[in-house]
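> Dropping a structure here in structure tokens format, bear with me for questions.
What follows is calculated from the coordinates using simple rules that are stated; it is not laboratory data. This one's a predicted model, so the numbers in the text were calculated from it and none came from an experiment. Cβ: placed from backbone, ideal geometry, glycine included. Neighbour counts: every protein chain shown.
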Amino acid sequence: MSGEIVHLLVEKGVATITLDSPSNRNALSRQLTSELDAHVQTALADEGARVIVLTGTGTVFCSGADLKEQRVANESQATGQIGPGGLVPILKALWRSPKPVIGRINGSARAGGLGLIAACDIAVAADSATFAVSEVRIGVIPAIISVLLVRKLGEARSMELFLTGEVFSAQRAAEIGLLNGCAPADGLDAAAGQYVSAILKGAPGALGGAKQLVRDIPGMAMDAAFDEMAARSAVFFASAEAREGMTAFAEKRAPAWQEALL
């Protein structure tokens, strides 16, 4: 597509989605969010895509809202010309995706960019990257991204970041759970690749089921959780994937889902 600023490449089971608008620091413009939403949906529907990797070009992963575009929208709001936001369906799709989502965070992120990171299941960043939930410093609140950030970071960390707007390092982001780790820029591919390689060894259905456990259990009472998890366990042990996995283990060979990628 001519003028495309978000790209999708599916290769050997990995769907890589790349934000490629370095001229405005990969800001969440209408074009970028529209293309990102479309590529996420395509990756989810592609049976050949087992893992989704979200990354960017340039030195900034995502700078948050496109403020120039937003100012124009604000000026037109009185006449009813403001358009709908595009971030919510993207965050929902990544969070709920049955396919694992890996964030290869190429550079710094601000505001809405942290929402994209929080939507990833695992994220690693360049160790030179910095982060901030900076909304209050321009007179707004991190409303949309708070839905995921509070879940991921907890109330105390979220309160600190939301109220201060202070910039923090990749090392700090890893300490508080926004990232799983950080690496030198020239080692970022290897760091993200280790996660991708490990995940591709898992069965597709089991990966989606394991991810769903992490999403569901925090909202369950203990007794109900044990009952529900016992039922899910029985379903998975009786599945075709489980039969193939256990047979492959006994026969000392790769299971079919790994062989399909060779």
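> Charges at C-beta only: +1 for Lys and Arg, -1 for Asp and Glu. How large is the resulting dipole of the chain about its Cα centre, in Debye rounded to 20?
The dipole magnitude comes to about 100 debye.
> Are any of the pairs Lys68/Lys99; Lys12/Lys201; Lys99/Lys152; Lys12/Lys99; Lys68/Lys92; Lys99/Lys201 more than 23 Å apart by Cα-Cα distance, and if so, which?
Going by Cα-Cα distance, Lys68/Lys99; Lys68/Lys92 fall outside the 23 Å limit.
> Another question, if that's okay. To check you understand DSSP bridge types, tell me what percent of the beta bridges within region 6-200 (both residues inside) are antiparallel, rounded to 5.
Around 30 percent of the beta bridges assigned by DSSP in region 6-200 are antiparallel ones.
> As a footprinting exposure proxy, order Ser97, Ser128 by other Cβ within 10 Å, with the fewest listed first. Spell out each step's value before the answer.
On the way: Ser97 18, Ser128 13.
The most exposed by this proxy come first: Ser128, Ser97.
> Between Asp189 and Val167, what is the label-to-label distance in nm when each label sits 7 Å out along the Cα-to-Cβ direction?
With each label placed 7 Å out from Cα toward Cβ, I get 2.8 nm.
> Could I ask something else about it? For Gly103, what is the net charge nearby, where nearby means another residue's Cβ is under 13 Å from its Cβ and Lys, Arg count +1, Asp, Glu -1?
With Lys, Arg at +1 and Asp, Glu at -1, the net is +1.
> log10 I(q)/I(0), Debye, Cα-only the chain, no solvent, q = 0.11, 0.14 Å⁻¹?
-0.65, -1.01
> Using the eigenvalues of the Cα gyration tensor, what equivalent ellipsoid semi-axes result for region 162-250 when each is taken as the square root of five times the eigenvalue, whole Å, largest first? Present the calculation step by step, with values, prior to reporting the outcome.
Working: eigenvalues 223, 106, 10 Å².
Computed over region 162-250, the values are 33, 23, 7 Å.
> Also, I was wondering about something else. Would you kindly state how much longer the chain becomes between Thr59 and Val136 on full extension, computed as 0.36 nm times their sequence separation minus their alpha carbon distance, in nm to one decimal? Numbers along the way, then the final one.
On the way: separation 77, 0.36 × 77 = 27.72 nm, distance 2.40 nm.
Extra length from Thr59 to Val136 when fully extended: 25.3 nm.
> Of Ala45, Ala173, Ala250, which is farthest along the charge dipole of the chain in the positive direction, counting Lys and Arg as +1 and Asp and Glu as -1 at C-beta?
Checked the options; the winner is Ala173.
> If we count every other residue with Cβ under 11 angstrom of Glu35's Cβ, Lys/Arg +1 and Asp/Glu -1, where does the sum land?
Once all neighbours under 11 Å are counted, the net charge is -2.
> If you don't mind, there's one more thing I want to ask. Can you bin region 83-142 into rounded, prolate or oblate? Criterion: square roots of the alpha carbon gyration tensor eigenvalues sorted a ≥ b ≥ c, rounded for a/c under 1.5, prolate for a/b above b/c, oblate for the rest.
Since a/c reaches 1.5 but b/c is at least a/b, the shape of region 83-142 is classed as oblate.
> Treat each spin label as a single point 7 Å out from the Cα along the C-beta direction, and report the Met159 to Ile217 distance in nm.
Between Met159 and Ile217, the simple spin-label model gives 2.7 nm.
> Now, a different point. Could you work out the Kirkwood radius for region 51-194, taking every pair of different alpha carbons, averaging 1/r and inverting it, reported in Å?
By the Kirkwood definition, the hydrodynamic radius is 15.6 Å.
> To the nearest 500 deg cm²/dmol, what mean residue ellipticity at 222 nm is calculated for the chain from DSSP H runs of n ≥ 4 alone, each contributing -39,500 (n - 2.57), summed and divided by the residues?
Value at 222 nm, helices only: -15000 deg cm²/dmol.
> Multiplying the sequence separation of Ser233 and Ala260 by 0.36 nm and subtracting their Cα-Cα distance, what value in nm do you get?
Length gained between Ser233 and Ala260: 7.2 nm.
> When Lys and Arg each count +1 and Asp and Glu each count -1, what net charge do the other residues less than 15 Å away from Val214, Cβ to Cβ, add up to?
Residues near Val214 contribute +4 overall.
> Output needed for region 1-71: three equivalent-ellipsoid semi-axes, defined as square roots of 5 times the C-alpha gyration tensor eigenvalues, in descending order, whole Å.
Result for region 1-71: semi-axes of 23, 12, 9 Å.
> To continue, here is another question. Might you report the magnitude of the Cβ-based charge dipole of region 1-157 about its Cα centre, with Lys and Arg at +1 and Asp and Glu at -1, to the nearest 20 debye?
400 debye
> Follow-up. Answer with one residue from Ser63, Gly113, Ala143: the one whose Cα lies farthest towards the positive end of the charge dipole of region 1-158, charges on Cβ with Lys, Arg +1 and Asp, Glu -1.
Selected residue: Ala143.
> Does region 204-259 come out rounded, prolate or oblate, given a ≥ b ≥ c as the square roots of the eigenvalues of its C-alpha gyration tensor, rounded meaning a/c under 1.5 and, failing that, prolate meaning a/b above b/c?
The shape class here is prolate.
> So, one more: Could you tell me which GluC sites (Glu not before Pro) in region 200-255 are loop residues by DSSP with no more than 15 other beta carbons within 10 angstrom of their beta carbon?
Here the sparse-neighbourhood loop sites are Glu251.
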